[in-house]
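Notes for the one structure printed next.
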Amino acid sequence: MKFTTRVTTAGAAIAATALLATACAAGGSGTDGGAEGDDAAQADGRVAVAYEGGIAVLDPETLEVIDEVETEEFTRLNAFGDGRTVAVTTSAGFQMLDTAEPALTDVVFDATTAGHVVSHHGKTVLYDDGTGETTILDTDVFADGYGETPEGQTYTADAPHHGVSIVLEDGTLLTTVGDENSRSGAVALHEHGDHWDTEAANDSCPGIHGEGTAADEAVIFGCEDGALMYQSGEFTKFDAPAEYGRMGNAFVSDTSPIVVGDYKDDPDAEGYLLNAVTLIDTAAQTYEVVELPDEVQYTFRDVARGPGDLAYILSTDGQIHVLDPETGELTDAFPVVDAWEGPADWQDAHPAIKVNGDIAYVTEPAQNTVHAVDLTNGEVLQSVELDGTPNELAVALG
């Protein structure tokens, strides 16, 4: 694999300060922890980019390709939450990528259909869609390195389904409810010895999908007709303005009560491009749909939260549009990539954005390129051209 670096004079100065600062910033909403232990465990994490048959590990400052590892044709990447590890979803399950080494380790959490990975308040939770099993791990479980696969606490749903789980600060397990044909809602559980007691339940969230945790530990799930919130022991349902108003992904900041969600109101629409967002104020308990300008279209990979708790939408017009969740207004736009079209299939490579601190990492599959962008001014700080086409993206920085 090769790399090229294109930096303006101003960009070089910013890169030396902003990118160094983000190496110590939190890696996302609700994540914490850090690597301790042997020399390898003390090293900083990096950026991982999946392409067909492999994963490239990039230096977060220069975007230099540090190393590559071989893997399956298509893999999904999720930061584990410890500032170093990436969970790679493969046909065998969740395999751990050590971005500091870097190396694809022998640590594999078996799963028939590896799904969501959620890190929050010192716990990282893996969900197996094929069995309905939730595996709960300490986020710092690899602080002393990657030896044997650690055993985590487990919970198995009544029926397998495409689900997600999260563990809250007080130990509450929130997990979705469904079966192979449908999904209906979520339950809040507490462990007592060899069983789990139900604290609260809600079955008014058809097609429940995804999760995000806002300020004051307000957890939002998406529904096909709105959204479902859990906070302080209670569920609250938000209804979409349309009979079908699907939210499937929540983009959050743990310092903001407002959740930005994707939104689709036509169940028969072809493709994966979306042209509206939901704004859910978990404190005021309000739900609003904001229609975007025609040229601002995006997919589930193209929204992130960043500086100032703002939302950043990587649109098909090639720009990152800045959305103020407080007002629902677009306040700025930064040109980054060439204009692009939506994917024919969700797995197809198309532009993606991940944010760490003030820096956005953006893929441009049409150019086999990854960019680092300063979100405070829109400056493209670094760009790297890969031999493979970038698809999935994960940022494992402490």
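The values are calculated or read from the model by the stated rules, or taken from the named source; none is laboratory data. What you see is a predicted model; the values in this text were computed from it and never measured. In this analysis, Cβ positions are derived from the backbone assuming ideal geometry, glycine residues included, and neighbour counts consider all displayed protein chains.
Observations on the structure shown:
- Check on Thr255, surrounded by fewer than 20 Cβ atoms within 10 Å (Cβ to Cβ), farther than 24 Å from His371 by Cα, of a type outside the set (D, E, K, R) and free of Cβ contacts under 8 Å to residues at least 12 places away in the same chain: no
- Some residue of the stretch 227-246 being under 20 Å from the mean Cα position of the chain (by Cα) and not in a strand (DSSP E or B): no
- For the stretch 271-326, residues that are within 20 Å of Ser256 (Cα to Cα), surrounded by fewer than 18 Cβ atoms within 10 Å (Cβ to Cβ) and under 18 Å from the mean Cα position of the chain (by Cα) total 1.
- Residues in the stretch 256-283 that are charged (D, E, K, R) and outside any strand (DSSP E or B): Asp265, Asp266, Asp268, Glu270.
- Meets criteria (within 30 Å of Glu180 (Cα to Cα) and under 18 Å from the mean Cα position of the chain (by Cα)) for Ala50: yes
- Subset of the stretch 255-280 [of a type in the set (A, V, I, L, M) and under 13 Å from Tyr298 (Cβ atoms)]: Val260, Leu273, Leu274, Ala276, Val277
- Residue match in the stretch 188-197 (condition: within 22 Å of the chain's Cα centre (by Cα) and of a type outside the set (A, V, I, L, M)): no
- Apart from one condition, Ala87 fits all of (1) at pLDDT below 95; (2) within 23 Å of Ser165 (Cβ to Cβ); (3) not basic (Lys, Arg); the exception is (1).
- Residue match in the stretch 296-318 (condition: at pLDDT below 95 and not basic (Lys, Arg)): no
- Taking (1) free of Cβ contacts under 8 Å to residues at least 60 places away in the same chain; (2) surrounded by 19 or more Cβ atoms within 10 Å (Cβ to Cβ); (3) out of contact with any Phe, Trp or Tyr (no Cβ under 8 Å at 6 or more places or on another chain) in turn, Ala92 satisfies each apart from (2).
- Test: Thr176 is at pLDDT 95 or above, out of contact with any His (no Cβ under 6 Å at 6 or more places or on another chain) and surrounded by fewer than 20 Cβ atoms within 10 Å (Cβ to Cβ): no
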